[in-house]
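Step one of this worksheet: look at the structure below.
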């Protein structure tokens, strides 16, 4: 790296962005090389403010990890916010990056970009091959637009803007909100509260048979830095100009029942687990095909149990764990 390298991590307070900062620092990048801004300091939906920031700071690399995220309930309740805010953030950052000479940018998307009935495991070429899952369609549309923004700027302006699509992520910095969280933080909270209250049973929606894939967030950060720093010739060898995104997963999935049993062990809950089969299961399986990334020289290092132990320790330090149960 050249002495004046400046790396802007957008969304550094989020789960993925903070993990990217941790990984950069751990890999020897000086903290003075890393640029961050809180939402209060820089509203990424404000085009003029974003252009001014890039014109002033002139970063060399950009990790675009900023996003409005949430679970099914949040996506259903705030669809306009999910599509508008994500579209504006990515459009403003990507355009400002180009206009201010940034050659390298990494956009972080989501596995929800793929069609609802996509064959498993989900390959990159399944993009735009079918109808999206209705519950998170606005968010998915925004993330697809981010991929296409990167590809379009590359094709027209010769930039090197890349995209990675993570599977379900978990780990330090996760959202443990009782209504707006994803499955792992939601279950960690529920099993913790059940243990603290000596509840005999935890009831989970559905049959417990759907299968999901999960990746520890620090592994996602490592994958992001790996993809960002790949030689362009190597990256181009495994991608196409209009099919350039890369899946990031662990290559294995497990049932919701198996996940719940694992989290119960990690949290120390010794009661029983029941499933309310009158409630919906959702998509039966969502597994990423990460062959492209594996061929580019990266595989994850953290097992699910190891990652869940770290995630639970993080939860216990959060305000949710100390709230009145």
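Residue 182 meets each of the listed conditions (1) crowded, with 16+ Cβ neighbours inside 10 Å; (2) touching a strand residue (DSSP E or B) at 6+ places or on another chain (Cβ under 8 Å); (3) under 21 Å from residue 271 (Cα atoms); (4) at pLDDT below 95 apart from (3).
Within the stretch 296-308, take every residue that is loosely packed, with under 14 Cβ neighbours inside 10 Å and in contact with a helix residue (DSSP H, G or I) (Cβ under 9 Å, 6 or more places away or on another chain) and give me the one that is farthest from residue 245 (Cα to Cα).
Residues of the stretch 296-308 that are loosely packed, with under 14 Cβ neighbours inside 10 Å, as a first pass: 297, 299, 301, 303, 305-306.
Those still in the list that are in contact with a helix residue (DSSP H, G or I) (Cβ under 9 Å, 6 or more places away or on another chain) too: 297, 299, 301, 305.
Numbers: 297: 16, 299: 17, 301: 22, 305: 29 Å.
For the stretch 296-308, the residue satisfying everything is 305.
Pairs are defined by a Cβ separation below 6 Å, a sequence spacing of at least 6 or placement on different chains, a first member in the stretch 260-279 that is closer than 13 Å to residue 198 by Cα, and a second member that is assigned to a loop (DSSP other than H, G, I, E, B); the pairs so defined are 271/200.
Kindly establish whether residue 84 is in contact with a helix residue (DSSP H, G or I) (Cβ under 6 Å, 6 or more places away or on another chain), farther than 30 Å from residue 279 by Cα and surrounded by 15 or more Cβ atoms within 10 Å (Cβ to Cβ).
Details: in contact with a helix residue (DSSP H, G or I) (Cβ under 6 Å, 6 or more places away or on another chain): no; farther than 30 Å from residue 279 by Cα: yes; surrounded by 15 or more Cβ atoms within 10 Å (Cβ to Cβ): yes.
So residue 84 does not fit the description; no.
Residues checked against (1) closer than 14 Å to residue 86 by Cβ; (2) assigned to a strand (DSSP E or B); (3) modelled with pLDDT of 95 or more:
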| position | (1), (2), (3) |
| --- | --- |
| 128 | no, no, yes |
| 131 | no, no, yes |
| 135 | no, no, no |
| 141 | yes, no, yes |
| 144 | yes, no, yes |
| 147 | yes, no, yes |
| 151 | no, no, yes |
| 155 | no, no, yes |
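Only helices (runs of 4 or more DSSP H) whose full extent lies in the stretch 3-100 are considered here, and the ones with at least 1 residues that are at pLDDT 95 or above are 15-26, 47-57, 79-99. Is it true that some residue in the stretch 21-30 is free of Cβ contacts under 8 Å to residues at least 24 places away in the same chain, over 16 Å from residue 222 (Cβ atoms) and surrounded by fewer than 21 Cβ atoms within 10 Å (Cβ to Cβ)? There is at least one residue in the stretch 21-30 that is free of Cβ contacts under 8 Å to residues at least 24 places away in the same chain, over 16 Å from residue 222 (Cβ atoms) and surrounded by fewer than 21 Cβ atoms within 10 Å (Cβ to Cβ). One residue stands out among those in the stretch 148-179 that are touching a strand residue (DSSP E or B) at 6+ places or on another chain (Cβ under 8 Å) and over 16 Å from residue 236 (Cβ atoms): the one that is surrounded by the fewest Cβ atoms within 10 Å (Cβ to Cβ), which is 168.
Take the conditions (1) over 19 Å from the mean Cα position of the chain (by Cα); (2) buried (at least 18 other Cβ atoms within 10 Å of the Cβ); residue 89 misses just one of them, which is (1).
Go through the stretch 110-126 residue by residue and tally those that are outside any loop (DSSP other than H, G, I, E, B) and out of contact with any strand residue (DSSP E or B) (no Cβ under 7 Å at 6 or more places or on another chain). Qualifying residue count, the stretch 110-126: 2. For the stretch 33-71, a residue qualifies if it is without any contact (Cβ under 8 Å) to a residue 12 or more places away in the chain and surrounded by 14 or more Cβ atoms within 10 Å (Cβ to Cβ), and the qualifying residues are 42, 43, 49. Pairs are defined by a Cβ separation below 7 Å, a sequence spacing of at least 6 or placement on different chains, a first member in the stretch 123-135 that is on the phi > 0 side of the Ramachandran plot and touching a residue at least 40 places away in the same chain (Cβ under 8 Å), and a second member that is in a helix (DSSP H, G or I) and crowded, with 17+ Cβ neighbours inside 10 Å; no pair meets this definition. Taking residues in the stretch 82-106 that are at positive phi, and partners anywhere that are assigned to a loop (DSSP other than H, G, I, E, B), the pairs with Cβ atoms closer than 9 Å and at least 6 places apart or on different chains are 101/58; 101/60.
The values are calculated or read from the model by the stated rules, or taken from the named source; none is laboratory data. These numbers come from a predicted model, not from an experiment. Because the Cβ atoms are built from the backbone with ideal geometry, glycine has one as well, and the counts that use them run over all protein chains shown.
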